[in-house]
Amino acid sequence: MADTEEPGRVDEPETKGEKGLKRRDFLGGAAAIGAALALEQRAEGQPRATPRRVHATEGPASGDTDDRYRPVVTPNGASLPFRWVDGVKVMHLKAEPVDHEFTEGLRAECWGYNGSTPGPTIEAVEGDRLRIYVTNGLDEPTTVHWHGILLEAGMDGVGGLTQRPIPSGATFRYEFTVGEPGTFMYHPHWDEMTQMAMGMMGMFVVHPRRPRGFVPDRDFAIMLSEWNVPIGAARPNPFEMADFNVLTMNSKAFPGTDPLVAQLGDKVRMRFGNLSGIDNHPIHLHGYSFRIAGSDGGAFPPSAQQPHTTVLVPTGSTRWVELEANAPGDWAMHCHMTHHIMNQMGHGVPNMVGVEDQASFDRRLRRLVPGYMPMGRDGMAEMGEMEMPQPANSIPMRGGPGAFGRIDMGGMFTIFKVRESLDSYADPGWYEHPEDTLARPATAAELRADGIEV
Amino acid sequence: MRCDLALLAGLALASCTTPQAATRDVAGLTVARSGVEAPRRDPGRMDELHPAVAERLREPLDADGAVSIALRQSPELQARLAQVDLAVAELWSARPPNPEVEMEALMDGGQASVLEVGAVMDIGALLRMPLMRRAAQAQLDSAELEAAADVLRYAYDTRVAFHRYQADLQLVELYRAAMETFLAAWEAAESMAEAGNLRQLDVAQNRAAYERSRIDVAQAELRALMSREQLQVLLGLDGRQTDWAVIDGFEAPGGGEPPPAPALERTAVDHSLVLNAQQRTLVAWSRRVGVERMRGALPEAHAGLFAEREEGEWSFGPAAGVAIPVFDQNQGAIGETRARLRIAQHELLQKAIRIRSLARRARATWLNAAERVRFYDETLLPARAEVLEQTLLQYNAMNVGVFQLLQARRAVIDAARERVEAMFDLWRASAQVELVVAGGEPPAMGGPDMSGEAMNAGGGDGGH
Ligand SMILES: [Cu+2]
């Protein structure tokens, strides 16, 4: 069973069993909440404990499993553990500060749930009765709103409107029955601007009671969000309204994003949620045409599903797309807003592109400021290659390693890796391209033969 | 009678000794107090450089070198030293009165029938002579001490002018560096505009800022020129010696903190040449009171010899005359000298108060300036350097541009400029402490710092 697995990481990496890796998926599920249900109730007037900095998911590494569905894969994340109690699926969310790494080189004091941002993905089956305890480990009140779930008004989690906000240190109980299957989200509805800018959000997946139509082999859940972390600072700035410089998938910026791995022939579903402050994200997948199969409003009828390569995920909304993994390779998947595939891009800098090299002011500056280097003359990609001192805890304009040198993108960028055969869904490394299927420098003979003059 | 005459003659001769080499004492005093030597020089030969001065001018000057040149070469100082000769002259005037010789003849048909010859001396003046002489000697002492104080002060003024010039040279360099940051910004703006990245407005703004900074440099250069000229005058160098240089840099003075205030005040009062001079003035006036008293008691007394020839026969006899002080007992002159004495007593007290205050001020200024220099070195300059370093990192991160980088550099330069003023204040305070310890008197705070020419040239008291 799953008790040897890391909580929430039960389906990845894993060993391919005799019957292939699919059966194993069903054994996944999540660790139980167990002792975590021994709730931290604080007596009135008792001093509140300082919020702890949590580095990893807390709670026991075991829990009940649910073999009615194939669990979703939350890249860089996990699913929320649960326990069956008299036919009710009981879960526990704890809002708290988390020490979060966006990618190597950039850590920040964020807020999240159960030790992570985004919080663990909640998984249920249509018709399930859920009882979700929410403990507030923040210094300010919070609530949880179950975005897109149709439920009793009093369970909607809107501070002041449908409930009193959960005071710091207190635990509230939400209980409702989930309806239609689909892709939903959860997030605070109290001091939304701050709490969501700090990372408080999570995916909420409702599986169909009886699999019908498209039954995925790989079911990915990705939360899109945007942050402002001043270069060299270590806490997201929730006051920023427009100039976001860290764009994330499941709160990770490339190269920190885990790749999405599938085997040739797998039916793949990708679920996107967007809780960015103000931006919509057109997520583009290379190498595939997919169908947009639904939103947080529900599944689209097959007749209304159009083929696309880019799915626009508006903020405050979800989309899911479906495809068959029929093209092996390493396929880029990213937001198509170019500033959203940059890491900690400064937007108030004077433009140096096209300024002559070795200009006279360069010589003066070298004299006045030892260590000065001219930058940005030929474009920005050179930035990631230059070895020069950077502010502590920052990833300005840095990309990540690729099969062919450096990938100069950052932010909302990940890789869909499809292979003909896999031993596990762990990262298979770089794709090995069949001979003569790779772009390469043209030879003089080729240019001549085709009449190309350069 | 004879022996009375002998006594008088002895008195007169005793008063005749020549007052000589009075100014040797000035040199001795200044050497003893501060190690500075101010040799008297012949005005006719001042046109030539003192050999020691010529030697010094070959190397870049330090403060001690400047002082040593000034004390040998400055006509202003020589003029001051020559004033001691005025007191010496007064000593000459305290000499015995000359005898009066009278001759009378009665003519009878082309022949002198009766001939009278008399020689008398003012006995009263002769009796007052020793006391007058002692008063003049006290006045000469006072003049010498005052001259020695002036030598020390002149050395101080030269030292301060030297450091002012050093400071102004530093400021020129720092204003130039600031100007270079503006120039780099303008050039950067032009390059960016050429690449099509910047508006002409930005170029114009950067150019205007650069042009403005050139005025700062020009003004700093003028100030350095002025303070050089002040020093030139204090050094006593004429148009043939204008190409001297000073040593590079402007480091903090060596030596520790000044002694605690009570000890410093005590030393200042004990050593004060001005107080000493005032005490000698006091003595001089009290002796003059004695002189006038004597004159009051014995206003006129003559004694002498009288000879008469009548019909070929000489007859001799003593002669004497005395005024009886019935109406005029010389109260006017006695009252005046006694008033002068009282004034001098009050002045002595006032000068003691002043010298104590100057000592305290010098010490307080030293402590304050040293603290400011330390603050710049240990706090503000490192803080600005950290800003520059972090700005460079942000620039490397392409989060700020060259303009902000240059601004951060400028902030470091600004702090360095302020530090130069603090450093000058420290040097000046340090020279003030040395001066009061040696027995000199620094200028009062806020007062002019330079003497003579230098002061008239609109002398810098560091108030740039
Ligand atoms: Cu985007």
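We did not get these values from a lab; they are worked out from the coordinates using the rules stated. In this text the structure is predicted, and so the values were computed from the model without any measurement. Using ideal geometry, Cβ is built from the backbone for each residue, glycine included, and neighbour counts are taken over all protein chains shown.
For chain A, the residue among A:Val311, A:Thr162, A:Phe214 whose Cα projects farthest onto the positive side of the dipole built from Cβ charges is A:Thr162.
Could you tell me the distance between the Cα centroids of segment B:200-255 and segment A:438-452, to the nearest Å? Going from one Cα centre to the other spans 66 Å.
Considering only A:Ser394, A:Gly354, A:Ser225, and ranking their Cα positions along the charge dipole of chain A that arises from unit charges at the beta-carbon of Lys, Arg, Asp and Glu, the one farthest toward the positive end is A:Ser225.
Remark: mean inter-chain Cβ contacts per residue of A:348-359 equal 6, using a 10 Å Cβ-Cβ cutoff to other protein chain atoms.
The phi torsions of segment A:429-436, fed into the Karplus equation with coefficients 6.51, -1.76 and 1.60 and a -60° offset, translate into couplings of x, 7, 5, 9, 7, x, 4, 6 Hz, rounded to whole numbers, with Gly and Pro shown as x.
Summing Lys and Arg as +1 and Asp and Glu as -1 over all other residues whose Cβ lies under 11 Å from the Cβ of A:Pro428 gives a net charge of -3.
Packing here is the average count of other Cβ atoms within 10 Å per residue, and on that basis the peptides B:79-89, B:148-158, highest first, run B:148-158, B:79-89.
3J(HN,Hα) along segment B:304-311: x, 10, 10, 10, 9, 10, 10, 6 Hz, from the Karplus curve 6.51 cos²θ - 1.76 cosθ + 1.60 with θ = phi - 60°, whole Hz, x for Gly and Pro. For segment B:266-331, the square roots a ≥ b ≥ c of the C-alpha gyration tensor eigenvalues yield an a/c of 1.5 or more together with a/b not exceeding b/c, which makes the shape oblate. With equal scatterers on the alpha carbons only and no solvent term, can you work out the Debye log10 of I(q)/I(0) for the protein assembly as shown at 0.07 1/Å? Values returned for q = 0.07 Å⁻¹ are -0.79.
For segment A:305-377, the relative contact order is 21 percent, taking Cα pairs closer than 8 Å that sit 6 or more residues apart in sequence and dividing their mean separation by the residue count. Summary value for chain B: 22 percent relative contact order, contacts being C-alpha pairs under 8 angstrom separated by 6+ residues. Average 1/r across all pairs of distinct alpha carbons in chain A, invert it, and you get the Kirkwood radius: 23.5 Å.
Could you state the angle between the C-alpha long axis of helix B:261-271 and the longest principal axis of the C-alpha atoms of chain B, as a value from 0 to 90 degrees rounded to the nearest 10? The angle comes out near 40 degrees. Relative contact order of segment A:23-338, taken over Cα pairs closer than 8 Å and 6 or more residues apart, is 16 percent.
Counting Cβ atoms of other protein chains within 10 Å of each residue's Cβ and taking the mean over peptide A:225-238 gives 1.
Angle check, please: helix B:402-438 long axis (alpha carbons) against the longest principal axis of chain B (alpha carbons), in degrees 0 to 90, nearest 10. Helix B:402-438 and the main axis of chain B meet at about 20 degrees.
For B:Pro299, neighbours were defined as the other residues whose beta-carbon sits under 14 Å from its Cβ, and their charges (Lys and Arg +1, Asp and Glu -1) total -1.
Quarter the surface of the alpha carbon convex hull of segment B:71-217 and you get the mean projected area, 19.6 square nanometres. Taking packing as the residue-averaged number of other Cβ atoms within 10 angstrom, the listed peptides A:367-377, B:246-256, B:312-322, B:409-419 run from highest to lowest as B:409-419, A:367-377, B:246-256, B:312-322.
Exposure proxy ranking for A:Lys252, A:Lys267, based on other Cβ atoms within 10 angstrom of each Cβ and starting from the fewest, stands as A:Lys267, A:Lys252. Which value, in debye to the nearest 20, gives the size of the charge dipole of the protein assembly as shown about its Cα centre, when Lys and Arg are +1 and Asp and Glu are -1 at the Cβ? The dipole of the protein assembly as shown has a size of about 1680 debye. Remark on A:Tyr174: its backbone amide H falls under 5 Å from those of A:Ile132, A:Tyr133, A:Val134, a criterion applied only to residues 5 or more positions apart or on other chains, H modelled at 1.01 Å from N.
For segment A:65-80, putting each phi into the Karplus relation 6.51 cos²θ - 1.76 cosθ + 1.60 with θ = phi - 60° gives couplings of 10, 9, 8, 7, 8, 8, x, 6, 9, 9, x, 6, x, 7, 9, 7 Hz, in residue order, rounded to whole numbers and with x for Gly and Pro.
Taking only the Cα atoms of chain B, the radius of gyration and Dmax are 34.5, 131 Å. Taking every residue in B:197-206 and counting other chain Cβ atoms within 10 Å of its Cβ, the average works out to 1. Quick one: Cα centre-to-centre distance for segment B:50-114 and segment A:84-116, in angstrom? Rounded to whole Å, the Cα centres lie 101 Å apart. The angle between the Cα long axis of helix B:63-73 and the longest principal axis of the Cα atoms of chain B comes to about 40 degrees, rounded to the nearest 10.
Computed per residue of the protein assembly as shown from DSSP H runs no shorter than four, each worth -39500 (n - 2.57), the mean residue ellipticity at 222 nm is -12500 deg cm²/dmol.
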